[in-house]
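In what follows, a single structure is set out as structure tokens and then discussed.
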Amino acid sequence: MSPRRPAPGVDPVDRLSLAATFGVDDPVRATSDRWVGQLAAADRADIVIEAVGHQVATLSHAIEATAFGGTVFYFGVADDEAYPISMRLMLRNNLTLKSGVTLDRRRMLEAAGKFAAGHPELLGTYLTHTFAVQNVDDVQGAFELASRPVPERVKIAIAQ
């Protein structure tokens with residue numbers, strides 16, 4: 001593997017104020033197709049994490065952004081049964097695609113709780129809005145907020 005290089009974070013919403021908290025050295029305000037379209041071969045990464053989820057195109061862009069012999073990690077919940085990807089690009093660049101689901105949810109939730117307790121500043125930055133499930137207006141507000149690109153919104157929770 002190459003030495004660590006600056007880690008870009010690509011988002012069409014301005015997330016500059018959150019970049020350092022999440023380990024992003026190079027915040028890029030662009031759509032993933034525009035970003036990967038101008039990415040030089042020397043700037044392709046050994047490890048690319050696609051954490052948008054729910055989008056066929058962003059997985060393809062992550063594959064395009066990966067250097068020869070690199071690995072793409074795909075996180076999120078797939079909305080579609082099948083995601084078409086370029087097997088030619090995967091094979092010619094000797095890429096690895098890794099994904100999966102949490103099998104032992106109880107253990108993982110316990111580990112996540114411990115991690116969150118040890119890093120309260122991260123959780124406070126990541127979970128930006130909480131709405132009460134008992135209040136229908138709150139639930140509607142959560143949906144409306146999630147539907148708009150807002151720089152101050154990262155993740156939303158609906159709690160009891």
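In vacuum, with every alpha carbon of region 105-159 counted as one equal point scatterer, what does the Debye formula give for log10 I(q)/I(0) at q = 0.14, 0.19, 0.25 Å⁻¹? Two decimals, please. So the normalised log intensities work out to -0.47, -0.77, -0.96. Spin-label model, THR21/LYS98: points 7 Å from Cα along the beta carbon direction are separated by 2.7 nm. In this structure, the amide hydrogen of ASP46, modeled 1.01 Å from its nitrogen in the peptide plane, lies closer than 5 angstrom to those of ALA67, counting only residues at least 5 positions away or on a different chain. Here each label is just a point 7 Å from Cα along the line to Cβ, and for LEU89 and ARG153 those points are 2.9 nm apart. Sequence-ordered 3J(HN,Hα) estimates for region 145-160 from the Karplus curve with 6.51, -1.76 and 1.60 and θ = phi - 60° stand at 5, 5, 7, 10, x, 10, x, 7, 9, 10, 10, 10, 10, 10, 10, 8 Hz, glycine and proline given as x.
Across region 31-43, rounded Karplus estimates of 3J(HN,Hα) from the backbone phi angles (6.51 cos²θ - 1.76 cosθ + 1.60, θ = phi - 60°) give 6, 5, 5, 5, 5, 5, x, 10, 6, 6, 4, 5, 9 Hz, Gly and Pro being marked x.
For the Cα trace of region 8-98, dividing Rg by the Kirkwood Rh returns an Rg/Rh value of 0.95.
Sorting 7-20, 85-98 by their mean Cβ neighbour count within 10 Å, with the most densely packed peptide first, gives 7-20, 85-98.
Taken together, the values in this text are just the output of simple stated rules run on the coordinates, not laboratory data. Quantities reported herein were computed from a predicted structural model and do not represent experimental measurements. Cβ coordinates were reconstructed from backbone atoms using ideal geometry, including for glycine residues, and neighbour counts include every protein chain displayed.
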